Amino acid sequence: MIRVTAVNEDGVLRDVHLSGDFFFYPAENLPKLESVLSGVSAQNEAITQAIESFYAQNTVETPGVLPADFARALIPA
């Protein structure tokens, strides 16, 4: 389970926080991902691209959780 709290301010994500029942290694990179997502357009493509780019540029492991899983949790309903 991935839990998201974020503010959608005029179509832009702000104050993004990710939590839930998942592992994120190294743990200190999770706030970095949250920071990267703050300021991203609240659109599917922009969110997905930001997360995939973060994974490509950082050495992180999220066993059982894919970048797309974080994107699905963040995409506004």
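The values are calculated or read from the model by the stated rules, or taken from the named source; none is laboratory data. Small disclaimer: the values here were computed from a predicted structure and weren't measured. Glycine gets a Cβ as well: all are built from the backbone with ideal geometry, and neighbour counts include every protein chain shown. We work out accessible area using only protein heavy atoms, side chains counted, and drop any ligands, DNA or RNA first. Shrake-Rupley method; radii C 1.70, N 1.55, O 1.52, S 1.80 Å.
List pairs: first in region 24-43 and open to solvent by less than 20 Å² (accessible area, probe 1.4 Å), second of a type in the set (S, T, N, Q) and not in a helix (DSSP H, G or I), Cβ under 9 Å, 6+ apart or cross-chain?
Once the first residue is open to solvent by less than 20 Å² (accessible area, probe 1.4 Å) and sits in region 24-43, its partners that are of a type in the set (S, T, N, Q) and not in a helix (DSSP H, G or I) give F24/T62; N29/N58; N29/T59; L33/N58; A42/N8.
When residues of region 12-23 are filtered for being closer than 18 Å to R72 by Cβ and open to solvent by less than 90 Å² (accessible area, probe 1.4 Å), how many remain?
7
Restricting to region 44-72, what's the tally of residues that are open to solvent by 40 Å² or more (accessible area, probe 1.4 Å) and aliphatic (A, V, I, L, M)?
Qualifying residue count for the region: 3.
Could you identify the single residue in F70, F54 that is under 17 Å from N8 (Cα atoms) and either modelled with pLDDT of 95 or more or in contact with an Asp or Glu (Cβ under 8 Å, 6 or more places away or on another chain) (or both)?
That would be F70, the only listed residue that is under 17 Å from N8 (Cα atoms) and either modelled with pLDDT of 95 or more or in contact with an Asp or Glu (Cβ under 8 Å, 6 or more places away or on another chain) (or both).
Tell me yes or no: at least one residue of region 28-43 is assigned to a loop (DSSP other than H, G, I, E, B), at pLDDT below 95 and not charged (D, E, K, R).
Yes, that holds for at least one residue.
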